[in-house]
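Encoded as C-alpha cells, here's the structure I'll be asking about.
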Amino acid sequence: MTESAVPSNPRAKPTMSSTAKAYSKPSYRYLVLGVLTLVYVSNFVDRQVINVLAKFIIEDLGLTDGQFGMLSGLAFALIYTCLGIPIARVADLSNRRNVITISVAIWSLMTVACGYAQNFGQLFLARFGVGIGEAGGSPPSHSIVSDIFPAEQRATALSIYSFGVYGGILVGTVGGAYLVEFFNWRTAFVVVGLPGLFLALVVRVLVREPERGMAEARKDSAPPGFFRVFFLFVGTKIFSTSCLCVRPACFCDIWNGQFYASFPWQNPWHGNIRCGLVLRSDSRSCWSHWNVCWRLGCRSNG
C-alpha cells in the first residue's frame with residue numbers, strides 16, 4: 001500500500017505574510033510614518049485655522065465673542081473629548097487604517113463646510129463635525145506606529161509623528177493668515193480642507209493594516225478589555241506623572257494659541273500675516289520636543 005500523502009518537512013519555516021514582508025523594509029515603515037505624520041499635520045491645520053480667522057468670521061457673521069468662543073472651543077472640544085475613547089476602542093477591534101481614512105475624510109469635508117456656513121448655527125455644526133472626524137485620527141495612528149516599529153525605535157518614531165502637532169499649527173496659523181490676507185476667511189477653510197480628501201485616499205491606498213503586535217511577534221495580540229487597560233495605566237507611575245504635569249502644560253499651550261490668535265487684532269500694528277508669524281514663533285519648541293523624546297527613548301532602552 002503506497003502513501004498518497006507527502007510527509008511534511010519539520011524544518012520548514014512559517015511563511016511571512018505580504019504585509020509583514022512590506023513592513024520588514026525600513027523604507028516602507030518610514031513611508032507609512034511619513035503619511036501618518038502628514039495626517040497629523042492636517043489634523044492640526046483644520047483644528048487651528050479658525051483661530052487666526054477670528055476677526056473676519058466675527059465681523060462677517062455678526063457673532064459675539066462668546067459665540068466665537070463656542071466655535072473655537074466647545075463645538076470642537078466637547079465632541080472630540082467624548083468620542084476619543086470610543087473611537088479608539090473601535091480601532092482596537094477593527095481595521096485601524098480604515099478608521100483613519102474615514103476620519104480624515106470627515107474632518108476635511110467638515111472643514112470645507114465651515115467655509116460655506118452662513119450663520120452661527122451652521123458653523124457650529126460644521127465645527128462639531130470637525131471634532132467628530134479628528135477624534136479618530138490620533139489613537140489608531142499611535143497604535144499602527146507602535147506595531148510597525150520595534151521597541152528600540154518606537155520612541156523616535158512617535159516623536160517624529162508628534163511633529164504633526166507643531167507642523168499643523170504652523171501651517172494652520174501662517175497659511176490661514178496668508179489666505180485671509182489675499183482672499184477671505186471662507187477661501188481659507190476650503191483651501192486647508194481639500195488636501196485632506198486627497199490624503200484620505202493616500203492612506204487607503206498606501207498604508208497596509210499591520211498585524212497586532214507585529215514588531216515584537218507577540219502571540220497575545222488580542223485587545224484587552226477597557227477597564228483592564230485603564231487600571232493598568234492608573235497604576236503606572238509615569239502615567240500619573242504625565243496626567244499631573246504634562247496635561248496641564250498642554251492645556252495652557254492650547255489656550256495660549258487660541259487666545260493670542262484673536263487678542264493681537266485689538267492692536268492696529270498687527271497685520272494678518274504678521275499675526276500668523278508671531279503666533280508660530282514658538283514652533284522652535286518642536287526641535288526640543290523631538291530631542292527630549294529621543295533621549296528618553298534611548299535611556300529607556302539602555
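Yes/no per residue for (1) part of a helix (DSSP H, G or I); (2) modelled with pLDDT under 90; (3) under 30 Å from GLU152 (Cβ atoms):
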site	(1), (2), (3)
THR19	yes, yes, yes
THR37	yes, no, yes
SER108	yes, no, no
ALA117	no, no, no
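Within segment 148-157, can one find any residue that is acidic (Asp, Glu), under 22 Å from THR19 (Cβ atoms) and in contact with a Pro (Cβ under 8 Å, 6 or more places away or on another chain)?
Taking every residue of segment 148-157 in turn, none turns out to be acidic (Asp, Glu), under 22 Å from THR19 (Cβ atoms) and in contact with a Pro (Cβ under 8 Å, 6 or more places away or on another chain).
Go over the candidates ILE100, ILE58, ILE106 one by one and state the one that is surrounded by fewer than 22 Cβ atoms within 10 Å (Cβ to Cβ), within 17 Å of the chain's Cα centre (by Cα) and β-branched (Val, Ile, Thr).
ILE106
For segment 47-63, which positions are more than 27 Å from HIS142 (Cα to Cα), assigned to a helix (DSSP H, G or I) and in contact with a helix residue (DSSP H, G or I) (Cβ under 8 Å, 6 or more places away or on another chain)?
VAL52, ALA54, LYS55, PHE56, ILE57, ILE58, ASP60, LEU61
Could I ask something else about it? Does GLN122 meet the test of being assigned to a loop (DSSP other than H, G, I, E, B) and either modelled with pLDDT of 90 or more or among the acidic types (Asp, Glu) (or both)?
Here the answer is no, as GLN122 does not meet what is asked.
Of the numbered conditions (1) assigned to a helix (DSSP H, G or I); (2) touching a residue at least 24 places away in the same chain (Cβ under 8 Å), GLY66 fails exactly one; give the number of that condition.
It is condition (2) that GLY66 fails.
Would you list the helices (runs of 4 or more DSSP H) that sit entirely within segment 139-182 and hold 2 or more residues that are of a type outside the set (D, E, K, R) and within 20 Å of ALA217 (Cα to Cα)?
151-161
Another one. Out of all the residues in segment 112-155, which are β-branched (Val, Ile, Thr), within 28 Å of ARG208 (Cβ to Cβ) and more than 15 Å from the chain's Cα centre (by Cα)?
Pass one, segment 112-155, residues β-branched (Val, Ile, Thr): 112, 130, 132, 144-145, 148.
Add one more test, that the residue is within 28 Å of ARG208 (Cβ to Cβ), and what stays is 130, 132, 144-145, 148.
Listed by number, the list holds a single entry, ILE148.
Rundown of residues vs (1) of a type outside the set (Gly, Ala, Ser); (2) surrounded by 16 or more Cβ atoms within 10 Å (Cβ to Cβ); (3) more than 30 Å from ASP60 (Cβ to Cβ); (4) at pLDDT 85 or above, yes/no style:
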position: ALA135; (1), (2), (3), (4): no, yes, no, yes
position: SER146; (1), (2), (3), (4): no, yes, yes, yes
position: PHE149; (1), (2), (3), (4): yes, yes, yes, yes
position: GLY167; (1), (2), (3), (4): no, yes, no, yes
position: LEU194; (1), (2), (3), (4): yes, no, no, yes
position: LEU201; (1), (2), (3), (4): yes, no, yes, yes
position: LEU206; (1), (2), (3), (4): yes, no, yes, yes
position: ARG218; (1), (2), (3), (4): yes, no, yes, no
position: GLY225; (1), (2), (3), (4): no, no, yes, no
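Could you list, in sequence order, the residues of segment 183-192 that are surrounded by fewer than 20 Cβ atoms within 10 Å (Cβ to Cβ) and assigned to a helix (DSSP H, G or I)?
Those that are surrounded by fewer than 20 Cβ atoms within 10 Å (Cβ to Cβ) and assigned to a helix (DSSP H, G or I): ARG186, THR187, VAL190, VAL191.
Right, something else. Would you mention how many residues in segment 32-46 are under 16 Å from ALA126 (Cα atoms) and out of contact with any helix residue (DSSP H, G or I) (no Cβ under 6 Å at 6 or more places or on another chain)?
Summing the residues that are under 16 Å from ALA126 (Cα atoms) and out of contact with any helix residue (DSSP H, G or I) (no Cβ under 6 Å at 6 or more places or on another chain) in segment 32-46 gives 0.
The values are calculated or read from the model by the stated rules, or taken from the named source; none is laboratory data. Every value quoted in this text rests on a predicted model; they were computed, and no experiment measured them. Ideal geometry is used to build each Cβ from the backbone, glycine not excepted, and the neighbour counts take in all protein chains shown.
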